[in-house]
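Visitor: Right, I'll just put the structure down here and ask away after.
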Amino acid sequence: MTNQALTRWLLPLAIAALISSCKTQSYYVSPALGNNHYVTQPLQNGDEKSAFYANGSFTTGLANEYLRDAQYSFQANAYNVHQFSLFKGWYGGGLSLGSYEVGYSSLLINYAGERNINGKKFYGTANLEGGMSFVWPFRYGEWRVIGVSGNLYNEFGSYLSFRKSVNKDSVSGVATSATLGSLGFSSEFVGKLRRGEIGYAIQYNTMLGPQYSDLDFGKGATNAAGYHRQRYGYFATTFHVTINRATYYTQANVGNRILSFQCGINYKISSTNKKHTSPY
């Protein structure tokens, strides 16, 4: 067989192998994954009945298989916190705007047959959020033993349009829904300072909805029961310091095909006081 004939046979096989390799390593989901912000809450043994906060934050990170895609976003939120005996509750909403860069290591094809549809994609999300926590106060602070929170996102922008246009046969998985929900479970220790507080929180967030119920979108390895299904989720760890009305925090998010870091400020706009007699 001549070199020219050999090339004619091997070239299509090489292209097919390349496409297959890319297909098993390309997952595109909502940028809201790994993008929840920290919520400041007044200490229970203080004299505040409720407080209203404004939040601003910046998030940067990596996503997709092998963390090859880059993304960043700016976020603004407003929320209200209420205290009830040993419980706290909060609710609010916000907006985030950012960019997601689809890595050039993937060979992508859209439904029109165009290839190499990579590059930076704009995105935005509008969100509603709320939660509550059970608190165990002590003399110099409190333990927020268990917190439960929920977020509902609605996405818009060119990154969403990209996910809807990409040919699903050229990727391993793609989420095309504009709506995403998350459910979080947290625990937090907060210590009292002379003019504020200091604390550390850990939270696990799981993504809701049918498109986030399987990491491999039904294309992963099988076991005796069929496809091994696992929901998308991530851990968030936050260190924060409050001085007077401002809370400064840093947050790391690690999860399924996501690694991101967030820094932000929560500023207390207003509060209402209550008479409080601490048993400590």
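No lab work stands behind these numbers, since they all come straight from the coordinates. In this text the structure is predicted, and so the values were computed from the model without any measurement. With ideal geometry, Cβ positions are generated from the backbone for all residues, glycine too; neighbour counts draw on all protein chains shown.
Visitor: Which cross-chain or sequence-distant (5 or more) residues have an amide H under 5 Å from the amide H of Phe138, H modelled 1.01 Å from N in plane?
Guide: Amide H to amide H, under 5 Å and 5 or more residues apart or across chains, Phe138 pairs with Trp143.
Visitor: Can you find, among Gly103, Ala252, Ser57, the residue farthest towards the positive end of the dipole of the stretch 3-273? Put +1 on the C-beta of Lys and Arg, -1 on that of Asp and Glu.
Guide: Gly103
Visitor: Within a 10 angstrom radius of the beta carbon, how do Ser50, Ser57, Ser270 rank from fewest other beta carbons to most? The partial results should precede the final answer.
Guide: On the way: Ser50 17, Ser57 21, Ser270 10.
With the sparsest Cβ surroundings first, the list reads Ser270, Ser50, Ser57.
Visitor: By count of other Cβ within 10 Å, fewest leading, how are Ile117, Ile269 ordered?
Guide: By the 10 Å Cβ count, ascending: Ile269, Ile117.
Visitor: Taking the chain as a Gaussian network, Cα atoms linked when under 10 Å apart, which of Arg194, Arg139, Arg257 shows the biggest mean-square fluctuation?
Guide: Arg194
Visitor: A follow-up question, please. Go through Lys164/Lys219; Lys121/Lys268; Lys88/Lys164; Lys192/Lys274; Lys120/Lys219 and tell me which ones have a Cα-Cα distance over 30 Å in this structure.
Guide: From the list (Lys164/Lys219; Lys121/Lys268; Lys88/Lys164; Lys192/Lys274; Lys120/Lys219), the Cα-Cα distance tops 30 Å for Lys121/Lys268; Lys88/Lys164.
Visitor: Spelling out what I want: for every residue of the stretch 214-219, take phi, set θ = phi - 60°, compute 6.51 cos²θ - 1.76 cosθ + 1.60 (Karplus), and round to whole Hz; glycine and proline get x.
Guide: 9, 4, 9, 6, x, 10
Visitor: For the chain, compute the orientation-averaged projected area of the C-alpha convex hull (one quarter of its surface), in nm².
Guide: Average projection, Cα convex hull of the chain: 18.0 nm².
Visitor: Which far-off residues, 5 or more places away or on another chain, put their amide H under 5 Å from the one on Leu215, with H placed in the peptide plane?
Guide: Those qualifying (amide H under 5 Å, at least 5 residues apart or on another chain) are Gln230.
Visitor: Please order Trp143, Trp90 by the number of other Cβ within 10 Å, starting at the fewest.
Guide: Trp143, Trp90
Visitor: With just the Cα atoms defining each centre, how far is the stretch 135-211 from the stretch 235-277? Give it in Å.
Guide: 13
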